[in-house]
Amino acid sequence: MNEPFDPTASPLAIQGLTVSYGERLALLGVDFVTPPGRLSAIVGPNGAGKSTLLKAALGIQPRVAGELLAYGRPLPRPPRHIAYVPQRSSIDWDFPATALDVVLMGLYGRLRWWQPTRRRHRHWARECLARVGMEAFAETQIGRLSGGQQQRIFLARALAQQAELLLLDEPFAGVDAATERAIIELFRTFRTQGGSVLCVHHDLATVRDYFDHLLLLDVEMVAAGPVAETFTATNLQQTYGGRLTAAQLARLLPATEAFRP
Ligand code: ADP
Ligand code: MG
């Protein structure tokens, strides 16, 4: 499917991205242009390579082949215009850091190594905590926070970085309903400010409501484009194979859509 967006205007364009873990191919020849100022979702079954795609896009995961472009140019290292919120389960929550410490980490890319964090940095970090409703927890050890609160702290860290693109890996997994609403509100505010989001998302029921743009992934790109055109029965069946039942599809899609051949 042709991408309607100009790669030179995109905060992240991926071409022919191929990644393997030893012999095991995780991504094969994936093309995707993250549209600027839009909320994009990466959707696909377990093991589809969704987390790998985010890590490769940041240069954390080496690639076998493929080009990564930031606004049409090779991705800078580190890509400071991209903030990353990893999957919560992949984080060691026992390391001794307060919520404020974690948010300040978002600033390290901007500070010189010899610069101590100053009052204005801490002030900005607290401001970011306030934006996710976590001001009161600045001095709390992160290990003592609930799943939803931890997710908000990592969002605050991403905000502190003042990135143009947020990459998030299943930010809604295991969080309470209030946090889910807070996250989606934050996405929408970020979008009105021109920011872009690329988010691995596991809940098919909210794709239409939450996102503008979609990448359906199963090692290879199955389909990509605006949600309205891409989130179809045919594409979902192709992405999930036999893993989605007709009843599940019917619930997800308008009746006419679900039964279109
Ligand atoms: P997803 O996030 O879509 O569930 P992942 O990107 O985590 O998928 O993984 C894609 C594939 O790569 C899976 O088959 C997974 O088992 C494998 N994989 C992921 N990380 C590693 C790793 N560090 N070493 C070996 N295989 C891995
Ligand atoms: Mg994953």
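The values are calculated or read from the model by the stated rules, or taken from the named source; none is laboratory data. Note that the structure is a prediction, hence the values are computed from the model and not measured. Positions of Cβ are backbone-derived with ideal geometry, glycine not excepted, and every protein chain shown enters the neighbour counts. Remember, those area values only see protein heavy atoms, side chains included, never the ligands or the DNA or RNA. Shrake-Rupley method; radii C 1.70, N 1.55, O 1.52, S 1.80 Å.
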Item to check | Pairwise Cα inverse-distance average, inverted: Kirkwood Rh of segment 1-84 (Å) | outcome: 13.2 Å
Checklist entry - Which values, in whole Å and largest first, are the semi-axes of the equivalent ellipsoid of segment 65-161 obtained as the square root of 5 times each eigenvalue of the Cα gyration tensor? => result 25, 17, 12
Next on the checklist: Need one number: the % of Cα-Cα pairs in segment 1-149 sitting beyond the 17 Å mark.
Outcome noted: 69 percent
Checklist outcome for this item: Here the convex hull volume per residue of the chain, taken over Cα atoms and given in Å³, is 139 Å³
Checklist entry - Of the heavy-atom accessible surface of segment 177-261 (probe 1.4 angstrom), what whole percent is carbon and sulfur? => result 53 percent
Checklist entry - With r defined as the distance between the Cβ atoms of residue 185 and residue 94 and R0 fixed at 30 Å, what FRET efficiency is calculated, to the nearest 0.05? => result 0.50
Checklist entry - Tilt of helix 147-160 relative to the longest C-alpha principal axis of the chain, in degrees (0 to 90, nearest 10)? => result 80 degrees
Checklist entry - Helix 119-131 versus the longest principal axis of the chain: what is the Cα-based angle in degrees, 0 to 90, to the nearest 10? => result 40 degrees
Checklist outcome for this item: For 65-76, 157-168, ranked highest to lowest by mean beta-carbon neighbours within 10 Å, the order is 157-168, 65-76
Next on the checklist: If I model a spin label at residue 203 and residue 122 as a point 7 Å from the Cα along the Cα→Cβ vector, what separation in nanometres do I get?
Outcome noted: 3.7 nm
Next on the checklist: On C-alpha positions alone, give me the angle between the axis of helix 177-192 and the longest principal axis of the chain, in degrees, nearest 10.
Outcome noted: 90 degrees
Checklist entry - When the chain is treated as a GNM, springs tying every alpha-carbon pair under 10 Å, which of 156, 182, 250 comes out with the largest mean-square fluctuation? => result 250
